[in-house]
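Everything below concerns the one structure shown next.
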Amino acid sequence: MKNKNIKIIGFDADDTLWVNEPYYRNTEKKLCQILEKFTPLENSKKLLYEIEIKNLPIYGYGTKAFTLSLIETALKASNNQINGIDIEKIVTLGKNQILQENEILPGVKETLEQLSKKHVLIVATKGDLLDQERKLLNSGLLDYFHHIEVMSDKKVSNYNRLLKHLDIKPDQFLMIGNSLKSDILPVVELGCQAIYIPFHTTWEYEKVSDKDLPVGKYVEIKNISELLKLI
Ligand SMILES: [Mg+2]
C-alpha cells in the first residue's frame, strides 16, 4: 500500500463492519415459503430478484425498499390472489429484518480502535439513512468515525462527489469493503486505493465476473484485523 498518501479511510458498513446479507437471504427464504402455495420456491426467488433490480432506481437500497419488493413479488407470484393475512406476515418479515439486532463482525472494534488513533475514518454505505444511523448508534462504533456518508449508490460519480466533499485527491483515499462492484471497482477507477475483504455471502447483484477485475489495483485480505499490518 502507498500508505504515506492516505488521508482518509472509508469503510463500507454492511458485511464489512456487521452482518447484513444473511438476513436478506433468510427473509427471502421465508417469503418463498409463504408463496409456496402459489409457485415453487425457486420461481419466487427469481421473481423477487427481478423485481428488486427493477425497483432499485425507484426506491434505492435498504430493507424498506426490499420490503416493498417482497410485497410486489407476493402479488405477482399469486396473481393478486394472496390474502391480507399473508401480506401482513410479509410486512412483519421486513420490519423484523430492520429491527434485527446488529451483529458486529469479529475483529472490527479492535481494528477500528487502533486505526482511528492514526487516521481519519469514515463510513461510506448504501441503504436507508435511518436504518444505517440506528445500526451505527447501536454498534458502539460511532466514536471511531469522523463522518458518516449514506450514499444513494456507489458508482464512480458518487465517490467523485464524496472526494470533493472530503476535499482530498483520489490517491489520498483508501476504501475498504466486501463488494467488488460497489466498494472496489469504482474507487480503483478513480485512482483511489482499495482493500477487498470478501464476506461468505454476496448478493447476486453485487457479484463481478473475474474478467472485470482490475488485477494488481487493489489488495485482498481475509479478515479485517489484517488491516493493522497493511496500513
Ligand atoms: Mg457491504
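Values as computed for the structure displayed
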read-out: Longest segment of the chain lacking trypsin sites (Lys or Arg not before Pro) that sit in a DSSP loop with at most 13 other Cβ atoms within 10 Å; value: 5-206
read-out: Given 16 as the ceiling on other Cβ atoms within 10 Å, longest exposed-site-free region of the chain for GluC sites (Glu not before Pro) in DSSP loops; value: 104-231
read-out: Whether segment 117-231 is rounded, prolate or oblate, judged on the alpha carbon gyration tensor where a/c under 1.5 counts as rounded; value: rounded
read-out: Extension gain from residue 207 to residue 117, taking 0.36 nm per residue of separation minus the Cα-Cα distance; value: 29.0 nm
read-out: Cα gyration tensor shape of segment 39-108, rounded if a/c is under 1.5, else prolate or oblate by comparing a/b with b/c; value: prolate
read-out: Selected from 158, 20, 80 as most flexible by GNM, with the chain as the system and alpha-carbon contacts under 10 Å; value: 80
read-out: In range of the label at residue 134: residues from segment 72-108 whose backbone nitrogen is under 11 Å from the point 7 Å along Cα→Cβ; value: 95-102
read-out: Length released on extending from residue 143 to residue 30, taking residue separation times 0.36 nm less the Cα-Cα span; value: 37.1 nm
read-out: Order of 147, 165 - criterion: other Cβ atoms within 10 Å of each residue's Cβ, fewest first; value: 165, 147
read-out: R0 of 41 Å, Cβ-Cβ distance residue 167-residue 71: FRET efficiency to nearest 0.05; value: 0.45
read-out: Over 22 Å between alpha carbons, listed pairs 95/207; 7/164; 29/54; 181/217; 169/211; value: 95/207; 169/211
read-out: Nearest-20 debye value, the chain charge dipole, Cβ charges on Lys, Arg, Asp, Glu; value: 420 debye
read-out: Rg ratio (alpha-carbon, reference 2.2 N^0.38 Å) - the chain; value: 1.08
read-out: Per-selection Kirkwood Rh - segment 128-196 (Cα, Å, 1 d.p.); value: 12.9 Å
read-out: Along principal axes, Cα extents of segment 85-158, largest first, whole Å; value: 54, 31, 17
read-out: Cα pair distances in segment 1-124, grouped into 10 Å bins until the bin that holds the longest one, percent each; value: 12, 35, 24, 16, 10, 3, 0
read-out: Spin-label model distance (nm) - residue 56 vs residue 101, 7 Å beyond Cα toward Cβ; value: 3.3 nm
read-out: Sites residue 4 and residue 83 - FRET efficiency at Förster radius 45 Å, r taken between beta-carbons, to 0.05; value: 0.10
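Only the coordinates and a few stated rules stand behind these numbers; no lab work does. In this text, all values refer to a predicted model and were calculated from it rather than measured experimentally. Neighbour counts are summed over all protein chains in view; Cβ atoms, including those assigned to glycine, are modelled from backbone coordinates with ideal geometry.
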